[in-house]
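Quick notes on the structure that follows.
The values are calculated or read from the model by the stated rules, or taken from the named source; none is laboratory data. Note that the coordinates shown come from a computational prediction; the quantities given were computed from them, not determined experimentally. Positions of Cβ are backbone-derived with ideal geometry, glycine not excepted, and every protein chain shown enters the neighbour counts.
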Amino acid sequence: MTSIVNNSNSNSALVNTLLASDSKMNPNVYSTKKIYPPASTTYQRTDSSSGTVGASQTITFDLLKYGIAQQLLFCYEKGTGGSPAFDFLDVIDRIELLSSSKVVDTLTNYDLQASFSNLESSQYLSVSDSCVKVRAAAPSNLYVVPLVFGFFKDINTNLNLQFNEPMSVRVKFGANVTNDAAGGTTSTLDSAYLRLRYKAYNEGDYSEIITQNYSEPELNQMICGYYDENVETTASINAGANNGVNGSPVELKNTDCVNDFYIIVRKNGAGPAPPVPIDRVRLTASGQEIFDLSAEELLYSKLCENGYVIAGATDDTKNVVKIQTGLWEYSGGGTQSNTMSLRELNNPKLDVFFTNNTGGASAFDVICVEDAVKIVSTVSSNGRIQTSLTN
């Protein structure tokens with residue numbers, strides 16, 4: 001019976017062309033999958049080495065030299081009155097990764113919001129449950145925020161803390177850390193710590209890592225990092241009104257090579273403010289219009305390799321707009337599909353259009369977060385990490 005199909009295929013010009021291709025492979029010819037060497041996986045809690053937990057305060061965590069860091073979680077506890085949705089935007093101002101006291105990567109509260117908006121729905125579920133959604137009043141609520149610095153977006157660039165110079169994480173808290181779920185300020189920020197997942201190889205496999213990665217004077221690695229443009233605050237906009245026929249302009253001062261643009265609009269003022277829907281985004285530079293997309297068209301901006309787009313969050317995080325220069329990948333790493341150099345563009349500007357649907361007259365903050373590619377180098381003689389090239 002099968003010979004009928006096979007005989008028919010053998011007379012097809014297309015089938016014979018495909019069979020002659022170098023890409024042809026037989027899936028039933030056995031081949032061993034990639035095998036990673038076994039390693040010890042441990043989770044370690046790290047408490048702050050200096051600083052104070054509280055409004056506008058700063059604390060520092062020294063990262064232990066246990067092995068290769070695979071995951072970094074920032075955990076904090078709030079008690080008494082719970083907290084409203086998106087409270088992390090007010091609790092966290094910025095989190096910095098340092099090598100020998102020098103900042104090598106930064107995640108602001110807006111960077112965290114942008115990165116959460118880029119998750120596929122199943123990935124976002126854990127983030128929503130652990131740090132985004134409203135929490136009821138309780139003696140203590142634990143919030144867990146994943147800190148996915150550029151080094152953690154690919155297994156190939158995970159931090160080798162065992163080799164690197166001493167590294168640390170510095171957390172700057174926001175000015176409004178006591179917001180509660182009822183709209184008051186009765187909650188208390190009680191404590192904070194880091195939870196790290198480490199991977200440690202046996203001596204032979206670790207020696208191979210050292211030999212392969214650090215045989216030259218420097219190890220150069222490509223990662224991505226966020227850059228926040230200056231926040232543009234609008235004048236007061238009446239309820240139900242839009243922000244004008246020309247929108248709100250955001251001048252792009254960054255000169256890096258940008259992979260993705262994230263646009264966030266939120267109500268200005270104290271208290272957590274979730275992102276509001278965006279009606280339209282236009283990018284112009286050097287007297288040319290690069291794109292002008294409506295809300296409906298922006299739904300298709302997260303293009304995947306198969307020609308379709310991903311579905312992400314269903315809460316207000318979905319209102320963060322992402323404009324890609326390349327393609328979205330489920331794994332988040334592995335392929336640098338495209339970028340846009342802003343250095344040679346004259347007067348690049350984003351015009352953001354939105355409507356005030358918050359129920360009262362208010363000013364709004366318009367934020368542009370850029371995910372840019374850069375090269376970082378690790379000095380083989382001392383393990384110091386530094387940014388070596390951004391454009």
The residue that is nearest to Asn391 (Cα to Cα), considering only those in the stretch 250-308 that are under 20 Å from the mean Cα position of the chain (by Cα) and of a type in the set (Phe, Trp, Tyr), is Phe261
Checked pairs for the stretch 270-286, first assigned by TED's automatic domain parsing to the domain that holds Thr355 and touching a residue at least 24 places away in the same chain (Cβ under 8 Å), second buried (at least 19 other Cβ atoms within 10 Å of the Cβ) and of a type in the set (Ser, Thr, Tyr), C-beta under 7 Å and 6 or more apart or across chains, list as Pro275/Thr317
Conditions (1) modelled with pLDDT under 95; (2) under 21 Å from Asn356 (Cβ atoms); (3) among the hydrophobic types (A, V, I, L, M, F, W, C); (4) touching a Leu at 6+ places or on another chain (Cβ under 8 Å) -> Val250 fails only (1)
Turns out the strands (runs of 3 or more DSSP E) fully within the stretch 1-101 with at least 1 residues that are touching a Gly at 6+ places or on another chain (Cβ under 9 Å) and within 30 Å of Ala273 (Cβ to Cβ) are 58-62, 92-99
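Every residue in the stretch 122-162 that is among the small types (Gly, Ala, Ser) and either assigned to a loop (DSSP other than H, G, I, E, B) or at positive phi (or both), please.
The answer is Ala136, Ala137, Ala138, Ser140.
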Reported set for the stretch 112-121 where residues are assigned to a helix (DSSP H, G or I) and either touching a Gly at 6+ places or on another chain (Cβ under 9 Å) or within 18 Å of Ala192 (Cα to Cα) (or both) is Leu112, Phe116, Ser117, Ser121
Among Val169, Val145, the single one that is buried (at least 18 other Cβ atoms within 10 Å of the Cβ) and either hydroxyl-bearing (Ser, Thr, Tyr) or touching a Cys at 6+ places or on another chain (Cβ under 9 Å) (or both) is Val145
Checked Thr233, Thr178 against criteria (of a type in the set (S, T, N, Q) and either closer than 30 Å to Asn338 by Cβ or outside the structural domain of Asp47 (by TED's automatic domain parsing) (or both)); the one match is Thr233
